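Each remark here refers to the structure printed beneath this line.
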């Protein structure tokens, strides 16, 4: 197992349109959320759905494409890596945010 990797692939729907910011000379970043849904059955045979929300971050050309073509409800497939930020809030408590740094994005379905 010498090739351990931080890699994630998701297919889901956007919760809102991406927000893009430009900084520096040419740096662009887009942030948006993606919902994935899993359906399963309990021991009693009851059907349940579990929706997970994922924070996505795209950079530069991928950010431009996301900002231009994606909107709330768009279905996409992404590949990227998991990144976790840690900070202290005003009360000195440790806080964490996990996000997916998108390396590839594919638009699915129709608008």
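For segment 72-102, how many residues meet the condition of being free of Cβ contacts under 8 Å to residues at least 40 places away in the same chain and touching a helix residue (DSSP H, G or I) at 6+ places or on another chain (Cβ under 9 Å)?
Residues that pass the stated criteria total 0.
One line per residue, one yes/no per condition, for (1) modelled with pLDDT of 95 or more; (2) under 30 Å from residue 4 (Cα atoms):
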residue	(1), (2)
17	yes, no
29	yes, yes
35	yes, yes
56	yes, yes
63	yes, yes
66	yes, yes
75	yes, yes
92	no, no
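Restrict the check to segment 36-53 and report whether at least one residue is touching a residue at least 40 places away in the same chain (Cβ under 8 Å) and under 29 Å from residue 23 (Cβ atoms).
no
The values are calculated or read from the model by the stated rules, or taken from the named source; none is laboratory data. Because the structure is a prediction, the values reported are computed rather than measured. Neighbour counts run over all protein chains shown; Cβ positions are idealised from the backbone, glycine included.
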